[in-house]
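Here is the structure we will look at, set down as structure tokens.
Only the coordinates and a few stated rules stand behind these numbers; no lab work does. Keep in mind it's a predicted model, so treat the numbers as computed, not measured. FYI the Cβ positions are ideal-geometry reconstructions off the backbone, even for glycines, and counts take in every protein chain you see.
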Amino acid sequence: MGEYCASPEGDSALAAAAASLTFPSPSPAAAVARPRYGSCDRQYVKQVFDNLHGSISLDPLALQFVDTEEFQRLRDLKQLGLTYLVYPGAVHTRFEHSLGVYSLAGKAMNNLKMYQGEELGIDRIDMQTVKLAGLLHDIGHGPFSHLFEHEFLPRVDPGSTWSHENMSVLLLDSIVDKHAIDIEDDYLKMVKEMIIASSKSATTKSAKDKHFLYDIVANGRNGIDVDKFDYIDRDCRACGLGSNFQYWRLMEGMRVMGDEICYPAKDYLSIHKLFSTRADLHRTVYTHAKVKAVELMLVDALIAANDYLGISLHANDPEDFWKLDDTIIKSIETAPNNELKKAKEIIQRIRRRELYKFCNQYSVPKDKLEHFKNITSQDIVCSQKSSGVLLKEEDVAVSNVKIDLTRGRDNPLESIKFFKDFGCDEKFPITDDRVSHLLPAYNEDRIVRVYAKKPELVEAVSEAFENLQLRMYGEKTQVHETPKKKRMRSL
């Protein structure tokens, strides 16, 4: 190996040669130069390949947000929480969903700019702002996505108005300050307004015109937005379910009329398919009986661990909140042996598939929907009559499921405007009865499911649940009796 070893003389020669080489140093202006807001200089663009949308081009400003630890956290937030325990393919995360919404927001804006750009005055600032809103709309989600917001927090903080949209706004401010991201206050304000546009906390739009821009990512006007386009397609694919909803058809046909996005009348049924596919996902995937059993158990575990880990306290401070993700289960399992005993036992039951036992369910009668109030464990226990087992509230878990077309009992299509063809300047609504008599007459479904936390209590809980239905409606509204095999399984 001697011939590969440099001699001292050789080292000196190399050092002298290196010293003689000079490279022009960048000027101070070039060193700090950054692309301006909305620019898309290709030397700063990065390509990412998504299994749903193909190649996605991330512009320079988007990359600054993506490369933060707060955004990278989304890799540890599964889009569908614990649904993968029932649908093994549902392991996709909020990270790829956010990139997908960013991509679709850009495509929607490109379509509008191509056909109406001059008419609407769409510029690079509009393009950048809408895409950023798509990228950052979900950064405020907590562990296990909607479970944290809709199941855990209401239990530990009744009456809480916390929402992932509001946390996204707070976290966005924190990211900009912490990482010194160069974005003007007015543009940042618009991004935040677009993120919360469909939430209850939506504020007055700061833009004097171009209000249609606020309907692309989170549409509070009629519910058609690129967020749904992405998660419906992505969730169907991940869970192995077929979907014949074609979002690209709506994106190609969208047209702004009177500062409102309208659609060709011939696409009415395609739009209805968007909402009906979403409802089917809620029924068969998001609120699947076994999925809800796992979620109820995890919520009980998080509540048991809350005092020790201070989980709910982190929900109010973006500096602490971004550190919460799905790995919180590991934090519970690795806590000192004498702590979190109950929480650990529940998680071990989930891992062993010893879930809360689903007893039965019923759909709330149509004429009772308007005045329906959520059923509680106390309601079940108070409905118990003669039984060899005396139920307690902690023995029962109840899931109140609401499935609708995004507008409760109202038909969302009634708030959508259509046009006859591209040569027509008139926009109009369309009522169901003018399209098809096969469309549903009701747009909301309420389902009550009851679970026994211990196998030996299935019989007693099932009887109490039936008594509740008789007391409330005068009849058993469940489809069938709890199977005898399930009642007797633990005996």
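On the principal axes of its alpha carbon atoms, the chain extends 97, 74, 41 Å, with the longest extent given first. Taking a straight Cα-Cα cut-off under 13 Å and skipping sequence neighbours fewer than 8 places away in the same chain, the aspartates and glutamates within cross-link reach of residue 78 are 96, 138, 235, 325, 326.
Entry note, region 42-289: relative contact order of 18 percent, from Cα contacts under 8 Å with a spacing of 6+ residues.
A Cβ-based charge dipole, computed about the Cα centre of region 286-342 with Lys and Arg at +1 and Asp and Glu at -1, lands at about 340 debye. Only Cα sites of region 45-119 enter the Debye sum here, all with the same form factor; the resulting log10 I(q)/I(0) across q = 0.22, 0.24 1/Å is -1.03, -1.12, listed in q order.
Can you give me the angle between helix 164-178 and the longest principal axis of the chain, using Cα atoms only, in degrees from 0 to 90, rounded to the nearest 10? In the chain, helix 164-178 runs at an angle near 20 degrees to the longest axis. For the chain, the dipole from Cβ point charges (+1 on Lys and Arg, -1 on Asp and Glu) about the Cα centre works out to 2180 debye, to the nearest 20. Coupling constants for region 288-298 follow from the phi torsions by the Karplus curve (6.51 cos²θ - 1.76 cosθ + 1.60, θ = phi - 60°), and in residue order they are 3, 4, 6, 4, 5, 4, 5, 5, 4, 5, 5 Hz; glycine and proline get x. For the peptides 431-439, 38-46, 236-244, 99-107, residues were scored by their other Cβ atoms within 10 Å and the scores averaged per peptide; the highest-first order is 99-107, 236-244, 38-46, 431-439.
The H on the amide N of residue 198, modeled in the peptide plane, is under 5 Å from the matching H of 220, each at least 5 residues off or on a different chain. Cross-linked pairs 341/453; 178/330; 189/273: Cα-Cα separations exceed 25 Å for 178/330; 189/273. Angle between the Cα long axis of helix 268-281 and the longest principal axis of the chain, 0 to 90 degrees, nearest 10? Once rounded, one gets 70 degrees.
Could you work out [θ]222 nm for the chain from helices alone, using -39500 (n - 2.57) per DSSP H run of at least four and dividing by all its residues? Round to the nearest 500 deg cm²/dmol.
Values: 19 runs with 203 residues, N = 491.
Result for the chain: -12500 deg cm²/dmol, rounded to the nearest 500.
Give, as ranges by residue number, the residues of region 109-146 whose backbone N falls under 16 Å from the point 7 Å along Cα→Cβ of residue 323. 143, by backbone N distance to the label point.
In Å, the Kirkwood hydrodynamic radius of region 42-289 over pairs of distinct alpha carbons? Radius from the Kirkwood sum: 18.7 Å.
Per-residue Karplus couplings for region 134-144, computed as 6.51 cos²θ - 1.76 cosθ + 1.60 with θ equal to phi - 60°, are listed in order as x, 5, 9, 5, 10, 5, x, 5, x, x, 6 Hz, Gly and Pro entered as x.
Mind jotting down the distance between the C-alpha centroids of region 186-230 and region 391-452, whole Å? Answer, in whole Å: 21. Think of the chain as a dipole: +1 on every Lys or Arg Cβ, -1 on every Asp or Glu Cβ, centred on the Cα centre; then among 422, 248, 80, 80 lies furthest on the positive end. For residue 262, nonlocal amide neighbours, meaning residues 5 or more places apart or on other chains whose placed amide H falls under 5 Å from its own, are 255, 256, 257. Take every Cα pair under 8 Å whose residues are at least 6 apart in sequence, average their separation, divide by the length of the chain, and the relative contact order is 13 percent.
The string of couplings for region 309-314 from the Karplus curve (6.51, -1.76, 1.60, θ = phi - 60°) is 8, x, 4, 5, 5, 5 Hz, one whole number per residue in order, with x for Gly and Pro. Put simply, region 374-491 fits an ellipsoid with semi-axes of 46, 13, 12 Å; these come from the alpha carbon gyration tensor as the roots of five times its eigenvalues, largest first. For region 56-157, a simple Cβ point-charge model (Lys and Arg +1, Asp and Glu -1, everything else neutral) yields a dipole of about 280 debye relative to the Cα centre. Annotation note: GluC sites (Glu not before Pro) in region 321-350 located in DSSP loop regions with a Cβ neighbour count of at most 14 within 10 Å are 339.
Annotation: amide H of residue 359 within the under-5 Å range of 450, 451, 452, sequence separation 5 or more or interchain, hydrogens built in the peptide plane.
Using C-alpha pairs under 8 Å with a sequence gap of at least 6, the mean separation divided by the residue count of region 154-267 gives a relative contact order of 16 percent.
Count neighbours as other Cβ atoms within 10 Å of each site's Cβ, and list the GluC sites (Glu not before Pro) in region 387-476 that are DSSP loop with at most 11 such neighbours.
426, 475
Per-peptide packing, taken as the mean over residues of other Cβ atoms within 10 Å, places 138-148, 280-290 in the sequence 138-148, 280-290 from highest down. The chymotrypsin sites (Phe, Trp or Tyr not before Pro) of region 402-491 that meet both conditions, a loop assignment by DSSP and at most 13 other Cβ atoms within 10 Å of the site Cβ, are 422, 442.
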